[in-house]
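Read-outs: derived from the displayed coordinates by stated rules, not from any lab. The model shown is predicted, which means the values in this text are computed figures rather than measured ones. Cβ coordinates were reconstructed from backbone atoms using ideal geometry, including for glycine residues, and neighbour counts include every protein chain displayed.
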Amino acid sequence: MDLGNFISALTPLNIALALFGVVAGTIIGSIPGLTATMAVAVLVPITFSMEPASALILLGAIYTGAIYGGAYAAILLNTPGTPSAIATTFDGYPMAKRGDGDLAVALACFASVFGGLIGALALLFLAPPLSNVALAFGPIEYFWLSIFGLSLIASLSTGNLMKGLVGGAFGMILSTVGVAEISADIRLTFGSQTMIGGFGVVGALIGLYCIPVLIDLVAVPDRHLKVEDDIRSVRIGEAARIAMKAKFNLVRSSIIGTLVGILPGAGGSVAGLVAYSEAKRSAKPGQKFGEGEPDGIMATEAANNATVGGGFVPTLVLGIPGTPPDAVILGALLIQGVRTGPTLFQSGGSIVYTFIYGLIIATLLMLPAGLLIGRYAYKSIVTIPKAVLVPTVGFMTIIGTFAIRNSISDVVIMIVLGVFGWVVGRFGFAASPIVLGLILGPIAEQGFVQSWTIGAATNNLFGMFFGRPISQAIVAFTLLSLFYPAFSAWRQRRARSSMEAKS
Amino acid sequence: MKKAPAIKSEANIGSLVISALFVIAGIVTLYDTTGYSDIDSKVFPRTVAIVLIICATIAFITNFLKPTDTGGFGSGIWWRRITLVVTMLLACFAMPYVGFLPAGAIAFAGGLVAAMHDQWSMKTFLLYGGSGAVVMIAFFALFKYALLVPLP
Amino acid sequence: MLRRTILKLAAAAAVTVTASFATHAEVNGPVNYVIPFGPGGESDISARLQQPFFKDKFGQDLVISYQPGGGGAVGWASLNGLNGDGQTIMGINLPHIIIKPAQKDVGFTTDGINAFYMFHFTPDAIVVNASSPYKTLQDLIDDAKENPGAVTMSGSGKASANHLAQIKFDKMAGVKTTYVPFKGTGAAVTALLGDQVKAEWGYTTVGAKQGDAVRMLAVAMEERHPLFPDVPTFKELGFDMVGGAYRGIALPESASAETKKNWSEMIGEINKDPEFQQKMLDGGFALLDVDADGMSDFMKARVDEYLKDAREAGLIN
């Protein structure tokens, strides 16, 4: 961990790669349908001729930029650019609608940089012990984690608890369509070949979030987002001040993000959701989460960028990718002949440490680059006449959805899902529970079936499901999140009535 | 005496209908599970379908007893909405025959017409159509040549 | 962006000059190499290993894209709808493409897959955590005999190579172990490392990747793997198990015989490269050379073998 590695991370080439990666990643991540995985996968061959550390820095920079870039579409178009930005739509879009879009984008940048740094620092100092945490999570913990995620969805759909649960359950059913991973049965395809692939998360994301927005935009002559007469540039200062005040939120969200990122398969969407829910739970009176509360955006963006650093922990220490982009990067590493494992941090030291320093540099570079790109993105979305914006976004959704699996039927499914999402959304069934159900469904199912198999085999079914300390903690959190809102409302009513009684 | 709230508002009927549809979806899922060969694949869908049916039923009942007035299709202009969606679907079906760019142009044109609330003029026609062409070609090139996606 | 474009142009120019000297200059432009799984698995890694050699020898890019879903079924179902001009190829896996269509209608048939080369296989292996009490295969067998069903073994997927191996071995050794399916080898290995299961049915590649963190009890090969001279084969220990997951490449049905032959030769050439062979061995893979000519005999033998195993295992009727 000596300074020599830091110096080698500072070579002009590496800095240029970091900057290029962050910029390219941000732009790619902001386009719904283009994922970080895709971007990283295409650029891997270029890295063959590079030094391993430089290659890693480029790929890592793209990855972290893409996770940040997802916030643009989330805030300005109510469509997460990547699944990690789902929770950013909760407060991002309301903020944009009331004219605070530029503030939201700036906040997202600050939060992403902060979260990314925490994640990278955790990777730097705590990788080996953190990897043990990753291993301690077995199938049952993943199962309870997904149930926890669903309870969050429910508790976030205030006033519409039942509809939120309905959406979540429906999303989970959608996730079972196609060939079952765990048993090779074909489910819910009704004999159609096109449905064998099931509903991809990214396609469903675009359909359920973006198409309803477009349908609504064409229907009314109003402008898309309120626009101030002068695009103030002082909002960056305002954003910085807000971010400083929200220190605690940022730190807590980044830690949550890092921890969730460590768990292979969990991903940025879960991290954002958990961080958002925690931020909401510790809201000060007067804060209105879900209606454009800055703390909401900061929580999710800090958490999802922290998963970048966190995800590298199992990838580098155990050779098990934390997220799909990690899997691609792992492949690139293997070809370079880099062996992953705890020894990587000792003997292979220089590559890993140079990479981590490079990642930190890239994250820092994301601050000026991100703010700049963010302002430009905001200006263009806000000033482009709606008549051009709508078809452009529509075209983007088509090309983006197609590019996922090179399939036209995916695009058709996306559009149909979009219309469906618009219809049910009009009557109180929001898109987020359905998408989150789609994401969490496979995790819940596999966790359940695997735990059942192991538990039945060892004659320890009850102990398997309820006896392990980590699962018990997660179950406790689940119950807390389900009953806390009702509990605190009850307490408020009691306080109010006792005050009235006194007077 | 206050009149009971009308249960016939559009928002309410819509909610009821959709809740009912979700219940049906749950039943369909349950029916499908009977055709699976492996017991492992049945457990999860069955559980979730039952949860869906229960929650959708509760939502139905709550909505019936306490009708809401929020929601509904709103006051938007229908032909524009339909144009947008139909042209996008048309573009998909046309794609294998005419290729990606022409199909995309169909979708773009549809969206443009649907979203254009102001009066058309020569200037706007050229400007919007032109910028649309630029955008489409740029994205096409990006995806096909930089990202190497095999667009038809 | 500009710098990249210039670099690309320069590279393309240089490569076109050298490519004109190559004898297999039939590939016009970058090739779309579709992997019907997600990134990071064995199919992805072996394809990535081929990438630089292909670029070197034939001057074109192998562009790897992923089409996961249904354990490969989605990709294979779409294969014959793709362009047969030789610019698109797809990875294929045995036993998947044999067993899946036999179980139910998955959108493709084994015979419909136009395979032109099988270039490696990953031999089955039983892997345990380095801290496991099982030091030899016999330890595991004894434990399974004393506690039927209590020995949990993770593996990738159901009705897959791992699953088949578990069923076959259980029969041969006369024991009952419990197979716990996971999504991909990576997840199965995580479960093993986390002590969620007692052992794993994996491949030699797992041993290569995890190094000292795991111990392999036996490998399903004819002779010991050069990377693991201390690990006995199943045959040595008295169990006639040789096999694993085979991987190869296929073209869409509409490809011409000439294209097929051409591709077969190109991949064969990569397989002969000693540097490639070394990289594959270092990764724990075992090499194999079945080209387009020998493909139908090879496939027929495998089909018979796998269907028989699957029938005995009760996976198909």
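Could you pull out the chymotrypsin sites (Phe, Trp or Tyr not before Pro) across segment A:136-223 that fall in loop regions by DSSP (anything but H, G, I, E, B) with no more than 11 other Cβ atoms inside 10 Å?
When the chymotrypsin sites (Phe, Trp or Tyr not before Pro) of segment A:136-223 are filtered for loop state and at most 11 Cβ neighbours within 10 Å, A:Phe190 remain.
Multiply the residue gap between B:Ile39 and B:Ala20 by 0.36 nm, knock off their C-alpha separation, and tell me the result in nm, one decimal place.
Full-extension gain reported as 4.0 nm.
Can you give me the relative contact order of chain C as a percent, contacts being Cα pairs under 8 Å and 6 or more apart?
24 percent
Hydropathy first: keep DSSP H helices in chain A averaging at least 0.5 on Kyte-Doolittle, then drop any whose Cα extent along the axis falls short of 18 Å, and list what survives.
A:12-30, A:52-77, A:101-136, A:139-156, A:161-175, A:247-262, A:294-318, A:349-383, A:386-405, A:408-426, A:431-457
Using the Cα atoms as the points, what is the convex hull volume per residue of the protein assembly as shown in Å³?
180 Å³
Based only on Cα atoms, what mean projected area does the convex hull of segment C:193-317 have, in nm²?
Averaged projected hull area, Cα only: 10.5 nm².
Using the Kyte-Doolittle scale, which helices in chain B average at least 0.5 and also have C-alpha atoms spread 24 Å or more along the helix axis, with helices defined as whole DSSP H runs?
Span-like helices in chain B: B:10-33, B:39-65, B:78-98, B:122-141.
Below 14 angstrom from the Cβ of B:Val51, what's the summed charge of the other residues (Lys, Arg +1; Asp, Glu -1)?
It works out to a net charge of +1.
Amide H neighbours of C:Tyr117 under 5 Å, counting only residues 5+ apart in sequence or on other chains, H built in-plane at 1.01 Å?
C:Ile249
Once fully extended, how much extra length lies between A:Gln287 and A:Ala16, figured as 0.36 nm per residue of separation less the alpha-carbon to alpha-carbon distance?
Difference between extended and current length: 93.4 nm.
Just the Cα atoms of segment C:155-216: what Rg and Dmax do they give in Å?
When restricted to the Cα atoms of segment C:155-216, Rg and Dmax are 11.3, 31 Å.
Considering just Cα atoms, how many Å³ per residue does the convex hull of segment A:132-213 enclose?
Taking the convex hull of the Cα positions in segment A:132-213, it is 145 Å³ per residue.
Run through segment A:255-308 and list the trypsin sites (Lys or Arg not before Pro) located in a DSSP loop whose Cβ has at most 16 other Cβ atoms within 10 Å.
Passing both the DSSP loop test and the Cβ count: A:Lys288.
Which one, C:Met118, C:Met295, C:Met153, has the greatest fluctuation when you compute a Gaussian network model over chain C with C-alpha springs under 10 angstrom?
C:Met295
Under 13 Å from the Cβ of A:Pro321, count the other residues' Cβ atoms, weight Lys and Arg +1, Asp and Glu -1, and hand me the total.
0
Convex hull volume of the Cα atoms in segment B:25-100, per residue, in Å³?
172 Å³
Using only the Cα atoms of chain A, build the gyration tensor, take square roots of its eigenvalues as a ≥ b ≥ c, and label the shape rounded, prolate or oblate: rounded if a/c is under 1.5, else prolate if a/b is larger than b/c, else oblate.
rounded
Please report the antiparallel percentage of DSSP beta bridges with both residues in the protein assembly as shown, rounded to the nearest 5.
Taking every DSSP beta bridge within the protein assembly as shown, about 65 percent pair in antiparallel fashion.
Describe numerically, in nm with one decimal, the distance between label points set 7 Å from Cα along Cα→Cβ at B:Ala141 and at C:Leu227.
For the pair B:Ala141/C:Leu227, the computed spacing is 4.4 nm.
How large is the translational diffusion coefficient of segment C:40-198 in µm² per second when you combine the Kirkwood radius over alpha carbon pairs with Stokes-Einstein at 25 °C and 0.890 mPa s?
Rounded, D is 137 µm²/s.
Could you please report the charge total around A:Pro80, scoring K, R as +1 and D, E as -1 over all other residues with beta-carbon less than 15 angstrom from its beta-carbon?
Its environment carries a net charge of -2.
Taking only DSSP H segments of four or more residues, each worth -39500 (n - 2.57), what value at 222 nm results for the protein assembly as shown once the sum is divided by all its residues, to the nearest 500 deg cm²/dmol?
Only helices count here, giving -21500 deg cm²/dmol.
Please state, as a whole number in µm²/s, the translational diffusion coefficient that the Stokes-Einstein equation yields for segment A:440-503 at 20 °C and 1.002 mPa s, with Rh defined as the Kirkwood radius across alpha carbon pairs.
145 µm²/s
Describe numerically, in nm with one decimal, the distance between label points set 7 Å from Cα along Cα→Cβ at A:Ile46 and at B:Lys66.
Each label point is offset 7 Å from its Cα along the Cβ direction, giving 5.6 nm.
Among all the aspartates and glutamates, which ones have a C-alpha under 20 Å from B:Lys42's C-alpha, if same-chain residues fewer than 8 places away are not counted?
A:Glu181, A:Asp185, A:Glu445, B:Asp32, C:Asp105
What nm value, rounded to one decimal, do you get for the distance between B:Glu10 and C:Lys171 when each label is placed 7 Å out toward the C-beta?
6.5 nm
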